[in-house]
Amino acid sequence: MAEAATGYSGRGAEPSLKDKGNEFFNAGNYLKAAALYTQAIKLDPSNHALYSNRAAAFLHLVKLNKALADAEMTITLSPQWEKGYFRKGCVLEAMEKYDDALSAFQVALQYNPQSAEVSRKIKRISQLVKDKKRAQEVEKKRSNIDMTKHLDKLKSELSEKYGSEECWKDVFSFLVETMEAAVRSWHETSNVDAEVFYLLDKEKTDTEKYAPIVNIDKAFESPHTHTNCFQFLRKYAEDSVSRAACLVTPKSLISYPQVWKGQGSRKWKHGQHDGFFVQLETPSLRKLWFVPSSNELGRPVCRDPEVLDIGAHELLPRIFIEKLPST
């Protein structure tokens, strides 16, 4: 609301430019109000209330930089008047500069501790600051995808099985890239496609005949489709001369085998979270993870991958013929 302060009144009892501006402001004609306040300022440039009112008009017109400049001028002309800080806080709130807005409102409250309007603003902005910080934390979780740190312990197992650093590093990088791509897909769509990714041999694989990705969305519909898919994948791995394979599938797609419903030694210990599975298959090593998902501020967020006992919870039987250590 515009301030009813004294302004240039012209001749006789004719309404002042300030009063005319207030009438247009209260009628919702903020452009005309701002123009009249500008005329009044030219005649009375040290009147802090005129700048305050024009700041309010500019705020309604979403001319935020001009509104902020007028709020600052209001404070300069009358540093102990709470309304200048209130105007500044409102403009900064509109700019979504919530921390600065909160500071301005807190100064306003110091000069007028009884103001319910300022107190409401402080309460509202405090919640906005909290919500913004939470949203930033969620977005950081969604954007900072680094599976390497979660899989670091796997390096020693791969090194033990493969010996050659060049060999196991390729498998490790393949797994990390596959898992990170799955996490990005989940964050974007709350889903992943059921697929098996193959690490093809760069020198031996006929890449015109064998693609690195096989869709398996029908694999988990029944024991029959499950067996057929497993047999196909095992032959594909052999014929394509693949070095490793990585299965990715959403939990929600699996009708069989529902590995999270096992009892006894197969008992599921990871709650009812939605999410997806990643199963690594190599001739020397098999591993299984579940990547749970939670909903934070309406956005899907993947949690840290949880290692499962592949002997108890495997999604598919061994794809590669087991390579036993030499004696």
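The values are calculated or read from the model by the stated rules, or taken from the named source; none is laboratory data. Every value quoted in this text rests on a predicted model; they were computed, and no experiment measured them. Cβ coordinates were reconstructed from backbone atoms using ideal geometry, including for glycine residues, and neighbour counts include every protein chain displayed. The protein model used for the area step is the full one, side chains on, heavy atoms only, and it has no ligands, DNA or RNA in it. Shrake-Rupley method; radii C 1.70, N 1.55, O 1.52, S 1.80 Å.
Got a sec? Which residues in region 192-228 would a label at S173 touch, if it sits 7 Å along Cα→Cβ and we count backbone N under 17 Å?
In region 192-228, the label zone of S173 (backbone N under 17 Å from the point 7 Å along Cα→Cβ) covers 198-204.
Using DSSP to call loops (not H, G, I, E or B), can you name the chymotrypsin sites (Phe, Trp or Tyr not before Pro) in region 155-198 whose Cβ has at most 10 other Cβ atoms within 10 angstrom?
Hits after loop and neighbour filter: nothing returned.
Express the relative contact order of the chain as a whole percentage, based on alpha carbon pairs under 8 Å and six or more residues apart in sequence.
Details: 479 pairs, mean separation 31.9, N = 327.
It rounds to 10 percent for the chain.
May I ask for the net charge around A40, where only other residues with Cβ less than 11 Å from the Cβ of A40 are counted and Lys, Arg are +1 while Asp, Glu are -1?
Numbers: positive: K18, K20, K42, R54; negative: D19, D44.
After counting each charged neighbour, the total is +2.
Take the Cβ-Cβ distance between A27 and E139 as r, set R0 to 56 Å, and report the resulting FRET efficiency rounded to the nearest 0.05.
The calculated FRET efficiency here is 0.85.
Just the number, please: carbon plus sulfur as a percent of the accessible area of the chain, 1.4 Å probe, no ligands or DNA/RNA counted.
Numbers: 8800 of 18000 Å².
Of the solvent-accessible surface of the chain, carbon and sulfur hold 49 percent.
On average, how much accessible surface per residue is there in the chain, in Å², for a 1.4 Å probe, leaving out ligands, DNA and RNA?
In whole numbers, the chain has 55 Å² accessible per residue.
So what is the calculated 222 nm ellipticity per residue for the chain, using -39500 (n - 2.57) for each DSSP H run with n of 4 or more, over all residues, to the nearest 500 deg cm²/dmol?
Helices in the chain give a 222 nm mean residue ellipticity of -16000 deg cm²/dmol.
Hey, what D do you get for region 152-265 in µm²/s if you plug the Kirkwood alpha-carbon radius into Stokes-Einstein at 25 °C and 0.890 mPa s?
156
Would you mind telling me which residue in E14, E306, E281 has the biggest mean-square fluctuation in a Gaussian network model of the chain, where springs connect alpha carbons within a distance under 10 angstrom?
Among E14, E306, E281, the largest mean-square fluctuation in the Gaussian network model of the chain belongs to E14.
What is the spread of the Cα atoms of region 17-141 along each of their three principal axes, largest first, in whole Å?
Sorted from largest, the Cα extents of region 17-141 read 54, 28, 22 Å.
How far, in nm, would the chain grow between K218 and Q114 when pulled straight, counting 0.36 nm per residue and subtracting the alpha carbon separation?
Going from the current span to full extension adds 30.7 nm.
Can you give me the distance in nm between label points at E180 and H273, each placed 7 Å from the Cα along the Cα-to-Cβ direction?
Between E180 and H273, the label points sit 2.1 nm apart.
Which translational diffusion coefficient, to the nearest whole µm²/s, is obtained for region 79-133 from the Stokes-Einstein equation, given a Kirkwood hydrodynamic radius over C-alpha pairs, 37 °C and 0.692 mPa s?
This corresponds to a translational diffusion coefficient of 307 µm²/s.
How big, on average over all directions, is the shadow cast by the Cα convex hull of the chain, in nm²?
Mean projected area for the chain: 27.0 nm², to one decimal.
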